[in-house]
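One structure is given below, encoded as C-alpha cells.
The values are calculated or read from the model by the stated rules, or taken from the named source; none is laboratory data. Because the structure is predicted, anything quoted here is derived from the model rather than measured. Here the Cβ is made from the backbone with ideal geometry for all residues, glycine too, and neighbour counts use every protein chain on show.
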Amino acid sequence: MYHVSDTEGAAWATGPEFQLEDNAKATDPQRCGWLYALYKPENDPKTGKPIDSTKKAGEWNTLRLLISPEKCVHEINGVQYFEYVLGSDDFKKRVAESKFGGMKNFAKFDKGSLVFQGDHGKVSFRNIKIRELKK
C-alpha cells in the first residue's frame, strides 16, 4: 500500500493496495498486480482471463509501481497491467463503487508511508528500490 496515513488506524483505510499473492493458490479473487478492488488488467485474448505475467511460487517476480500526479502504472515482470490517475473522475467513481467508498480518507493523501501487509501466506522481498521522480 502506498500514501498510507495513520489517521484511520488501518493502512488499507487510506492507502491504495498493489495486491501481492500467489495467483495459483490464492483464495482472494483479487490477483497479483491489481489495484485492490479498483483496477485489473485487460483480458488476455488467449485465455479470456485477466493478463497474468506472474511466475510460479518460489520464483522471483519483478514488480514496478510508478506513482505520480500524472499517472500510476502497475507492471509485473516487464508487462504493464494498467494505468490510472489518482483523483481522476474515473478513479473517484471506482472508489465510490467499491468497499472503500465509505472511507473518508482513502486515497486522499499525495504522500505517506509505504506499507507491506502479509495476510495470505509467506512472502519475501529483495532489492527494493524507491526512487523519487523529478518533474
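A few notes on this one:
- Members of the range 93-103 that are in contact (Cβ under 8 Å) with a residue 24 or more places away in the chain and surrounded by fewer than 17 Cβ atoms within 10 Å (Cβ to Cβ): S98, K99, M103
- For the range 43-51, the criterion of being of a type outside the set (F, W, Y), touching a helix residue (DSSP H, G or I) at 6+ places or on another chain (Cβ under 7 Å) and at pLDDT 95 or above is satisfied by no residue at all.
- Answer from G15, G33, G101 - the residue that is in a loop (DSSP other than H, G, I, E, B), farther than 29 Å from K134 by Cα and of a type in the set (G, A, S): G101
- Across the range 2-12, the qualifying residues are those that are surrounded by 10 or more Cβ atoms within 10 Å (Cβ to Cβ) and part of a loop (DSSP other than H, G, I, E, B), and the one among them that is nearest to the chain's Cα centre (by Cα) is Y2.
- Residue that is nearest to L65 (Cα to Cα), among those in the range 106-122 that are surrounded by 14 or more Cβ atoms within 10 Å (Cβ to Cβ) and at pLDDT below 90: Q117
- Residue ID - nearest to S124 (Cα to Cα), chosen from residues in the range 13-29 that are over 10 Å from the mean Cα position of the chain (by Cα) and polar (S, T, N, Q): N23
- Scanning the range 24-82 for residues that are farther than 26 Å from A107 by Cα and basic (K, R), we see that the one that is surrounded by the fewest Cβ atoms within 10 Å (Cβ to Cβ) is K46.
- The number of residues in the range 104-135 being assigned to a loop (DSSP other than H, G, I, E, B), among the hydroxyl-bearing types (S, T, Y) and in contact with a strand residue (DSSP E or B) (Cβ under 8 Å, 6 or more places away or on another chain) comes to 0.
- Count of residues meeting criterion [over 20 Å from E132 (Cβ atoms) and among the hydrophobic types (A, V, I, L, M, F, W, C)] in the range 52-87: 5
- Filtered residue count, the range 18-40, keeping only those that are more than 14 Å from Y81 (Cβ to Cβ), at pLDDT 95 or above and of a type in the set (D, E, K, R): 0
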